[in-house]
Every structure is written in C-alpha cells, then in structure tokens.
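Below: one structure, written as structure tokens.
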Amino acid sequence: MTQETASEEKKRNPIVPFLRIPEDPKEEPYLWGSKCKACGAVFLGERIACGKCGDTDPLEEVHLSDEGEIYVFSVVHQTVPGLEAPYVAAIIDLPEGVSVRGNVYGLDPENPSPEWFGKKVRMYTEKVRTDREGNDVIAAKFRVLN
Amino acid sequence: MRDVAIVGAGMIKFGRYPDKDVVSLAADAAIGALKDAGISINEVEMVASGNLYQSNAMIGQRIMKEIGATGVPVVNVANACATGSTAFREAYMAVASGMYDVALAIGSEQMGKMGLLGAGGGNRDYSTEGVMGTGLMPGVFGQAGVEHMRKYGTKMEHFAKISVKNHKHGVHNPYAQYQQETPLEDVMNARMIAWPNTLYMCCPTGDGAAAAVLMSAEKAKQHTTKPIWVAASALTSDPWQERNPTMFDVNTLTRNAAKLAYDQAGIGPEELSQVELHDCFATAELIHYENLGLCGDGEAGDFIDRGDPQIGGRIPVNASGGLLSKGHPLGATGVANILEIVWHLRGQAGGRQVENSKVGLAHVIGLGSACTIHIIKK
Ligand SMILES: [Zn+2]
C-alpha cells in the first residue's frame, strides 16, 4: 500500500467508546456495556471494576438493545456555537438496566409534552462531522417509534 | 469534636469585575471577615481557600500574600459548585478537631461572561453535545425538573413561581448581582434556555468572593457576646444509582446529606427558621424542597403554590434572592450561602430579614458530585 492510499483511507470512528462500529459494513453498529458478574449492574462501555458493589472480577461485555424508551428529556434552545437548536435531549432507558443520553427525532421541540414520557425510540447512526484527520465521526441518535 | 462558632463574615457584591483579579476580590472579602470578627490576620491559624476555575493557581496562598503572609497552613479546595462550602467545612473541621482555634474560610471565583456554557473544551470533534443529548447545565437541570413533572404532574408554572419569589427576595439584597423583580408573565415568556427553564429560571454567572472566620467556643467568647454556631456540617458524594452518570442524580446525595445534618444538629426540618438552598436553576429549587424534607414527596408544587417558601411564609427559602438573583460565582457560592444565614441570625439582613430567625440550613450541590449541608444556629 502506498502512502497516498493509506492517507486517503477514511475511518468511521464512533463519537463515544460505547458505540461499536463493526468492520463489516453489513453488520449494524451497536451500543455495548459491561455487566458485573457479582451484582448484575450494567455500565456503558468498559469498566475496571464495578461501581456499584466494588467487585474487581472482569466484567462481562453486553450487547445493548437498539430500542429503549424515553425516561425524561429537556429541549435545549441555547447551546454551544455551531450546533443546530432546539434539540430534544433525552435520557433513554435501555432494557438491560442502563441508560444513555440521546437526541430524539420525530418530536416537535416547540411543544414539549408529558406524552413523551415512556415513548419507545430506536437507535440509528449518523455521521455528524469530520474530524481533523478526515475521519467520519459517527453518533448514535434516536427516532420515535410509532 | 468541639463546638465551632462563626465570628466574622465578609462578602463582596457578586457581579462582573473585569478590571480586578480574583485574588483582590477574595482579599476584600477576607479583610471584611477579619474586621467583622475584630481580629487581624496574625491571629488566623489556618486558611482554607475555595476556587474552582483556578484550582491549580494557589489562590489561597496568593490571597495571604495580599492580606498578610503569616506562614500558616493554607489548603486550596476544588469541589465543583460545592467548592466554597467544602472550604468552609475544612476550616470547620480544623477547629472542631481541636488542632486550631481560629480558621479563615474563603471562597472566590472569577467567571466573567464565560457562563455555564463556557465549560467543556476537550476535543470538539468528538463532543457529544447536541448530537447525543446534553451535558450542559441548563439541560441537565431541565431534565431533573422534568423528572419531577413525570412523577408528580408538576407544571412549568411551578418552577416559574420560584424564579418570581427569589427575584422578589433579591430586590432587598445589596450583595446580589440582580436586584430586580421578574413577574410570572415575564418569567414564562422569557427566552427559553432549556425547557422548562427560561432565562430568568437560570442563575447568572459572574465574579464574587465571600469569607468567614471560625473560632473555638473559648476563643469566640473573647470576641463576641453573640456567637453563631455551626450545628452540623455534612458532605456527601453520589452513591451508585442506575441512571447515573448518564443522568446526574442531584437528589440522593442531597437526601443523604440532609439526614446526616439533621442527625448531627439533633433537629428536624420543621424546626428550621429558614433555608438557603442551591437554586442554580428554578427546577433545582423545587426538587430540593422535598430532598431537604421541607415538604413531603410530591408536595413541592403545592408548597410553592401556597407561598410557604417566601419571606413571611411557613419556611422562607432563599431570602437572599438565591443564586437566581445573587449570581453563582462557583467557588464563592458555598460560603455566601452560609453567611446569609449568619446575617439573619444576627438580625443584620435589612429589608430581607426573616423575623426571629433562630436556626437556618445552607445547602450547596455540585454535579459530579458533592453536596454540603450546614446547619447554623444562634
Ligand atoms: Zn457489582
């Protein structure tokens, strides 16, 4: 492989370590976590030890569901420069017993409503920007299921 | 542990001081506290200095170089929004332990216009803000309020009424950055920052400093006939909770600190004359009514509707105007909350005085996490 082709090779990098993008493009990206073998607590991404019970045995990797439900949310109107606002910023509970922050689409940000509580959402991934090395930065986002 | 008295209180008006540096702001507050106590820096045996944004800049020692470098031990404290109150607690423990008789606690911060959006930094290419939810404080505390909505059907108006109350109180506080009433209509219709918090439901940021002189009982009696006592000092961090840290939990550690503090003081919330609590956002104040046991779970909406937390109400909350009026210079906030209680107990709170105040509670919470509660009594 020549140097030119190597530098042109763009990578698809996850925006957070707990989003995994398989090498094989036919495989779907997914969120993953670690489960304590002693107490069952689940954490996003990798862990050194269990933050609930303090157990130091290696935690077990878990593949997290791509469907969850909205626990709570805010609608952020004033944000850092360069971002589109408003956006629905939710806490999404996953069935494995862990939660994830997510932007939720398919809701009207101008009309926040108690009806949003408990709404089922599904994860999808999207390129959100290019990093300084030219790699794609991939984020997990959520869409309301009807 | 020995009894500890607060003998000196000094504070500058919170606001913006672009022409001054944080050391001179802190020195002003420290000198004010020493004068109020009727002592000189030479009598101070230990100094605890709280400053967050410049936590590696040896602010405490630099203050001493301004006001009298006596060579005593100085510790610099950083503990998120609870930085100042943690410094106060270090000074309290230094005296309570019997190691020192006179300690000086100073809290200071210079934030300028950086605001709560200014924090962060790091690699912007991999910032999750706005693409995977929010970590910005208005949104985080928005979610905390929305959780109360989900559990109890609380409405945006309930949170807005807290902003109205605190700004009404703040009109009479000369130390407050803003001394301006905000009618309900204005609060509801103000620019939305992060639902349900509008502009007037978010605390302003700025610069500030506050300082307190603490003494052992024996020493205090040499300087005052009316010492104010620290009846409890509690500090907690987050216990494990299922959604944390994805969703910051501002409730559990506050409840844990409240229990510790009430046990130490040997009183319950119904015996409090007043409370200064951490209203960084209006949504935060409402949930802390319940966390501190000022009302039962699910009753915070009715509590504000009835006017219980206003001056003249059942249990005045944030007579100072709260952070919503005063501003929130992170390192100074925790000391300032305690001083507010001191002034009320002394009957020195002017137009915002809570009549016949005998015992007050000062609460501060920093995300990430640290919660302090001090109970202060006559
Ligand atoms: Zn465990």
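The values are calculated or read from the model by the stated rules, or taken from the named source; none is laboratory data. Values in this document were obtained by computation on a predicted structure and should not be read as measured data. Counting neighbours? That spans all protein chains shown, and the Cβs are built from the backbone with ideal geometry, glycine included.
Below, the figures for the structure above:
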{"read-out": "Looking only at segment B:8-59, and only at residues there that are over 19 Å from the mean Cα position of the chain (by Cα) and in a strand (DSSP E or B), the one that is nearest to B:Glu340 (Cα to Cα)", "value": "B:Val47"}
{"read-out": "Among (1) within 11 Å of another protein chain (Cβ to nearest Cβ); (2) part of a loop (DSSP other than H, G, I, E, B); (3) away from the ligand (no atom under 16 Å from the Cβ); (4) of a type in the set (A, V, I, L, M, F, W, C), the one test that A:Ile91 misses", "value": "(2)"}
{"read-out": "Filtered residues of segment A:41-59 (kept if away from the ligand (no atom under 11 Å from the Cβ) and either more than 20 Å from A:Ile15 (Cα to Cα) or among the acidic types (Asp, Glu) (or both))", "value": "A:Glu46, A:Ile48, A:Pro58"}
{"read-out": "Failed item in (1) under 20 Å from B:Lys219 (Cβ atoms); (2) assigned to a loop (DSSP other than H, G, I, E, B), with B:Ala94 passing the rest", "value": "(2)"}
{"read-out": "Test: residue in segment A:75-83 that is surrounded by 17 or more Cβ atoms within 10 Å (Cβ to Cβ), within 16 Å of the ligand (Cβ to nearest atom) and over 16 Å from A:Phe142 (Cα atoms)", "value": "no"}
{"read-out": "Cβ-Cβ under 6 Å pairs, at least 6 apart or on other chains, segment B:276-302 side under 17 Å from B:His167 (Cβ atoms), far side part of a strand (DSSP E or B) and small (Gly, Ala, Ser)", "value": "B:Glu276/B:Ala362"}
{"read-out": "Total residues in segment A:79-88, condition facing another protein chain (nearest Cβ under 7 Å) and part of a strand (DSSP E or B)", "value": "1"}
{"read-out": "Qualifying residue in segment B:301-308 (condition: under 30 Å from B:Asp36 (Cα atoms) and surrounded by fewer than 24 Cβ atoms within 10 Å (Cβ to Cβ))", "value": "no"}
{"read-out": "Residue count, segment A:19-34 (criterion: within 13 Å of chain B (Cβ to nearest Cβ) and within 16 Å of the ligand (Cβ to nearest atom))", "value": "1"}
{"read-out": "Criterion: at pLDDT below 95 and closer than 24 Å to B:Ile338 by Cβ - qualifying residue of B:Thr205, B:Thr254, B:Thr236", "value": "B:Thr205"}
